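Below is one structure; the comments refer to it alone.
Since every read-out is calculated from the coordinates, none of them should be taken as a lab result. Being a predicted model, the structure only gives us computed values, none of them experimental. Cβ placement follows ideal geometry from the backbone for every residue including glycine, while neighbour counts extend to all protein chains displayed.
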Amino acid sequence: MAPVYWCEAGEIDLLRVGLTGGIGSGKSTVAGMFRELGIPVIEADAVGRSLMEPGQSVYRAIVEHFGPEVVRADGKLDRGRLAEMAFRQGRLQELNALVHPPVIAAQEAWMRGLFACDADAVAMVESALIFEASRGEDASVPGWRDRFDRVLLVTAPDEVKIARYVSRVLAGEPGHTQERADEVERDARSRLARQIPDAEKIPLCDAVMDNSGTVDAARAQVERIASELRAASKTVRR
């Protein structure tokens, strides 16, 4: 879960930043670079995983909605089975509707606590689905733009994203077969197809990071943007 900040709230300056990017874009690596520069980052995926643990409200909601077949023998969610139902059986929006609102609430609570401690803080939310969670008839988080003062997009060519995703998954499966590699690639393409193309996101973002190059090139972009965000945080009043 996110770290909790306990302070007395008063009149504060704040800057809420959304960091997003499709699978394999490298947004988690970029988020780590922002952390190294002292900008707090909360990961939507990490919050979601915590809320999906046994005993949590999201866990109970998922089991009630999808049935006991998504529960493993040890009582935890069978994420593989849940992913199959979400992506291959067309039930992703059902899952998002259960998970996204509580995750958003946890992010908001984290930001409130952070800003109460540091009036000039920059708070960053890393989420792959900032746009997807708030678009279309089944949107689970309407009014996404009201949640952020700045939105940053990490981008790379689709083939680069797919290659990175496949490499990351197979890194934990030594001795995998070519059939398995093909399966993971199909999964990557399926997930990418369900995300809004970067070309549609770019006009809606305040900054775009091209992460198709070297780590040093990415870090240089992060350093520049971090400096701009700190300067902007001193001019925002809520």
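Give a quick list of trypsin sites (Lys or Arg not before Pro) in the range 6-111 that DSSP marks as loop, anything other than H, G, I, E or B, with at most 13 other Cβ atoms within 10 Å. Here the sparse-neighbourhood loop sites are R72, K76. Principal-axis analysis of the Cα atoms of the chain puts helix 178-193 at an angle of about 50° to the longest axis. Helical runs (DSSP H, four residues minimum) scored at -39500 (n - 2.57) apiece and divided by the length of the chain put the mean residue ellipticity at 222 nm at -14500 deg cm²/dmol. Select one label from (1) 33, 32, 17; (2) 30, 24, 16; (3) 30, 20, 17: the one whose number is semi-axes √(5λ) of the Cα gyration tensor in Å as derived from the coordinates shown. Here semi-axes √(5λ) of the Cα gyration tensor in Å agrees with entry (2).
Rounded to the nearest 10 degrees, the inclination of helix 57-66 to the longest alpha-carbon principal axis of the chain is 30 degrees. Around the amide H of M209, modelled in the peptide plane, lie the amide H atoms of L153, V154, T155, all under 5 Å away and 5 or more residues distant in sequence or on another chain.
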